[in-house]
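Single-structure report; data block below.
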Amino acid sequence: MVAAVLALGITQITAWGTSYYCLGVLAGPISQDTGWSRGFVFLGFTVALLAMGLVSNAVGRAIDRHGARAVMTLGTVLVSAGLFALAHVRSEAAYLAVWVFLGLGMRLCLYDAAFAALVQVVPSRGRMAISYLTLFGAFASSVFWVVGHALNEQVGWRQTLVLFALINLAICLPLHWFGLARREGAGRGAAPAGARTAASDGPPLEGRARSVAIALFALIMSLNGFVFGVISVQLVPLLEAAGLATAAAVWVASLKGVAQFGGRVVEIAFARNLRAITVGRIAVGILPPALLLLLTGTGSVPLVVAFTLIMGASQGVITIVRGAVPLALFGARGYGAVLGVIATPVLVVNAASPTVFAWIVDRWGWDVARASLLASCSAAWVAMEVMSRWYERRRAAAATAAASPGQA
């Protein structure tokens with residue numbers, strides 16, 4: 001497990017930092033060099049998220065059919081080719097087309113694919129491996145925003161993207177191919193994972209119950225995805241609207257990454273004996289109170305800081321929940337396809353949420369916009385509670401049936 005987590009940890013830092021987060025430091029230079037508006041530059045990223053959502057189901061099935069090792073290796077090649085092409089675009093149409101291509105590559109090699117890879121490599125310890133992997137991902141923006149800024153200062157944004165492409169080929173390609181080559185034990189992994197799930201979370205859901213649970217969990221992740229999609233690009237303006245000066249808002253926003261990492265450490269250290277769905281209830285449940293702090297804490301630095309820390313911790317653990325809960329509820333069989341189904345609406349919501357939120361701000365102001373975030377995460381909490389209680393009833397009924405005399 002250690003070798004696989006370490007290999008994927010390095011590749012996730014690299015892939016996220018060079019592709020998903022690259023516009024964090026390169027959007028300004030791209031806009032200045034090409035004359036395109038910053039809004040158009042970020043439109044490319046929105047297009048990539050939509051592309052990721054559209055191909056998500058197919059990628060999930062491909063991971064189950066061909067293995068995450070082959071899919072993630074191909075994803076590295078596509079991301080590298082996309083970054084190289086992005087470095088050479090001269091027109092708006094080409095720019096957006098390249099981001100579509102990058103979206104496909106990113107879906108093949110970012111978290112959802114990595115989670116499936118770990119379940120295939122170490123099925124009996126899938127949840128633990130996912131938790132440890134997310135610790136690495138927390139550093140992606142921190143590392144590559146610094147690297148990207150330094151490279152842009154020296155060689156410009158185009159050569160920076162070329163170097164990012166080469167970094168992916170040099171680091172991620174061999175680590176995906178060789179780091180995922182070995183699998184746990186002599187079996188194929190599905191049986192051990194199923195046995196562990198049966199012992200701790202009940203047998204994997206099947207049939208109509210499986211479909212209902214997938215739909216509910218996709219709804220929960222999508223509702224929270226609206227909140228986190230907004231926060232990923234508009235956290236500083238949100239904090240400014242809450243009464244902080246720009247410098248203070250930037251400083252407080254930087255605490256989100258620390259809180260994400262801290263939340264994941266707490267999950268690993270203290271929640272390992274809790275069932276995944278219980279961890280999910282906690283992570284989803286603390287987000288509405290965090291938004292209440294933002295709504296009521298206008299002008300109060302301590303309350304705004306508290307909001308940022310709680311929200312960041314929630315987001316950090318929800319990343320783990322996104323991989324751990326499907327594994328607990330549905331087992332290792334078809335895990336890649338399940339993640340693909342769940343990721344489709346989440347990615348579409350992530351793509352649309354910044355634009356929708358900006359429209360709400362323009363039309364009704366910041367108070368209504370913040371209330372919309374609270375409403376969305378509160379609905380997610382209600383849906384999580386409904387799913388959890390429904391699942392607990394099914395689990396109890398299954399345990400009773402199994403214990404009854406005469407039952408096969």
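The values are calculated or read from the model by the stated rules, or taken from the named source; none is laboratory data. The model shown is predicted, which means the values in this text are computed figures rather than measured ones. Virtual Cβ from ideal backbone geometry, glycine too; neighbours counted across all protein chains shown.
From the set of residues in segment 272-283 that are more than 12 Å from Ser388 (Cα to Cα) and in contact (Cβ under 8 Å) with a residue 24 or more places away in the chain, which is surrounded by the most Cβ atoms within 10 Å (Cβ to Cβ)? Checking each candidate, the answer is Ala283.
So that you can scan it fast, the table gives a plain yes or no per residue for (1) in a helix (DSSP H, G or I); (2) crowded, with 24+ Cβ neighbours inside 10 Å; (3) hydrophobic (A, V, I, L, M, F, W, C); (4) not assigned by TED's automatic domain parsing to the domain that holds Leu6:
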position	(1), (2), (3), (4)
Gly82	yes, yes, no, no
Val89	no, no, yes, no
Ala94	yes, no, yes, no
Ala97	yes, no, yes, no
Leu102	yes, yes, yes, no
Phe115	yes, yes, yes, no
Val143	yes, no, yes, no
Val146	yes, no, yes, no
His149	yes, no, no, no
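Any chance segment 238-249 includes a residue that's within 30 Å of Arg125 (Cα to Cα), outside any loop (DSSP other than H, G, I, E, B) and not charged (D, E, K, R)? No, every residue in segment 238-249 fails to be within 30 Å of Arg125 (Cα to Cα), outside any loop (DSSP other than H, G, I, E, B) and not charged (D, E, K, R). Set side by side, the residues Ala193, Ala198 differ, and just one is modelled with pLDDT under 75 and buried (at least 23 other Cβ atoms within 10 Å of the Cβ), which is Ala193.
Quick check, is Trp16 buried (at least 23 other Cβ atoms within 10 Å of the Cβ) and either at pLDDT below 95 or in contact with a strand residue (DSSP E or B) (Cβ under 7 Å, 6 or more places away or on another chain) (or both)?
Yes; evaluated as a whole, the condition is true for this residue.
Inspect all residues belonging to segment 379-392 and state whether any of them is exposed (fewer than 14 other Cβ atoms within 10 Å of the Cβ), in contact (Cβ under 8 Å) with a residue 24 or more places away in the chain and among the β-branched types (Val, Ile, Thr). Checking segment 379-392: at least one residue is exposed (fewer than 14 other Cβ atoms within 10 Å of the Cβ), in contact (Cβ under 8 Å) with a residue 24 or more places away in the chain and among the β-branched types (Val, Ile, Thr).
Yes/no per residue for (1) out of contact with any Leu (no Cβ under 8 Å at 6 or more places or on another chain); (2) at pLDDT below 90; (3) over 17 Å from Tyr20 (Cβ atoms):
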site	(1), (2), (3)
Ala85	yes, no, no
Val98	no, no, no
Phe101	no, no, no
Leu104	no, no, no
Leu108	no, no, no
Ser124	yes, yes, yes
Arg182	yes, yes, yes
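Contact map, segment 29-40: first residue farther than 17 Å from Pro354 by Cβ, second residue surrounded by 13 or more Cβ atoms within 10 Å (Cβ to Cβ) and among the polar types (S, T, N, Q), Cβ cut-off under 7 Å, separation 6 or more or different chains; pairs are Pro29/Asn152. Counting only residues that are out of contact with any helix residue (DSSP H, G or I) (no Cβ under 6 Å at 6 or more places or on another chain) and touching a residue at least 24 places away in the same chain (Cβ under 8 Å), segment 91-109 holds 1 of them. Number of residues in segment 308-321 that are over 15 Å from Ser232 (Cβ atoms) and in contact (Cβ under 8 Å) with a residue 60 or more places away in the chain equals 1.
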